[in-house]
Amino acid sequence: MSKRLGLALVVVLLVGVALHGQECSTQSYLVSRGTAEAAQGAIVQTIDGATRSLDVAVSSFADGAIGDAVVRAAQRGISVRVILPVSARTETGGQYAKLTAGSMPLKLVPAATPFSYRFAVIDGATVISGTYEWAGGTNQTTYGTLTVIRCGSVASGRSKAEEYAVDFSRFWDSLPGMQAVMKPAGAPPVSMLVAIQEIDTDQQCVLLFNRDTVAADLGGWVITDSEGRYVFPQGFELAPGELYHLCIGELNPVDVFLFYLDPEHDELYLIAPDGTLVDQIVW
């Protein structure tokens, strides 16, 4: 397909449509590979126009321009929540590190949970949705669509945008609490050198290793498989170079409701008290 024909596939439609009985304006794009600048620009412009809230749920997020827009929203005081798959931490060009550095609430969908959403809700009144990949114009792998729906206030019932907002909140509440939060002033730094060294599903044990040169205070840290969790007691320290076996129901206090390491497929997360995701293993 020629570049000229590819460019012709970028279509912008501004129409008024009745969605669930409510008038909403709709801006639609048909995007081809390498010609996604208009769609990317529409997302950035819409996010930059947020005045109260921004909720994002996308199965792939490797677009730096959109990532910058989300960070800008958080920096100007917009209430931002982001849902990504756990694979986002290692995605090529992914925005995970940028978003977590911005200390905004972020939750990860476990690998075993099907997740193919690509939508955002702005101020509870505007929705961005479609099959368009949030990967930037030069990295699109397929043809896609993008729709921006803007709904005004309604006398009764919910607009389409409000329905998306409600669905996002339900999805958010169903996920484990692995969200990044603002660190309290004067809080000690989190040691990122504490790692999950090994998992023994036969004995139901986890081996932790402190690679740091100083002791790591693990009081209040959480280790979870997204179903159950173990919270380290206050004052618990892991000496430099120390290996520690955490065996479920044997050597440690049992407050690990539904904590079970499935031999076939599971995930394990090590989370600091401030919400920092320190380490993870998915198998």
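The values are calculated or read from the model by the stated rules, or taken from the named source; none is laboratory data. Quick caveat, the model's predicted, so the values are computed rather than measured. Glycine gets a Cβ as well: all are built from the backbone with ideal geometry, and neighbour counts include every protein chain shown.
Details
- Test result for THR201, modelled with pLDDT of 85 or more, more than 25 Å from ALA97 (Cβ to Cβ) and of a type in the set (Val, Ile, Thr): yes
- Any hit, the range 115-129, residues being of a type in the set (Ser, Thr, Tyr) and more than 30 Å from ASP262 (Cα to Cα): yes
- Filtered by the rule that a residue be over 12 Å from the mean Cα position of the chain (by Cα) and either modelled with pLDDT under 85 or surrounded by 15 or more Cβ atoms within 10 Å (Cβ to Cβ) (or both), the range 75-90 gives ILE78, THR90.
- The number of residues in the range 204-223 that are surrounded by fewer than 21 Cβ atoms within 10 Å (Cβ to Cβ) and β-branched (Val, Ile, Thr) comes to 3.
- Just one residue in the set ALA101, ALA112 is outside the structural domain of LEU268 (by TED's automatic domain parsing), in contact with a His (Cβ under 7 Å, 6 or more places away or on another chain) and surrounded by fewer than 18 Cβ atoms within 10 Å (Cβ to Cβ); that residue is ALA112.
For (1) buried (at least 16 other Cβ atoms within 10 Å of the Cβ); (2) farther than 12 Å from CYS24 by Cβ; (3) at pLDDT 85 or above; (4) touching a Gly at 6+ places or on another chain (Cβ under 7 Å), each residue gets a yes or a no:
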position	(1), (2), (3), (4)
TYR117	yes, yes, yes, no
ASP123	yes, yes, yes, no
TYR132	yes, yes, no, yes
THR138	no, yes, no, yes
THR141	no, yes, no, no
GLY144	yes, yes, no, yes
THR147	yes, no, yes, yes
GLY152	no, no, no, no
SER156	no, yes, no, no
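- Within the range 51-74, considering residues that are of a type in the set (S, T, N, Q) and under 18 Å from LYS107 (Cα atoms), the one surrounded by the most Cβ atoms within 10 Å (Cβ to Cβ): SER60
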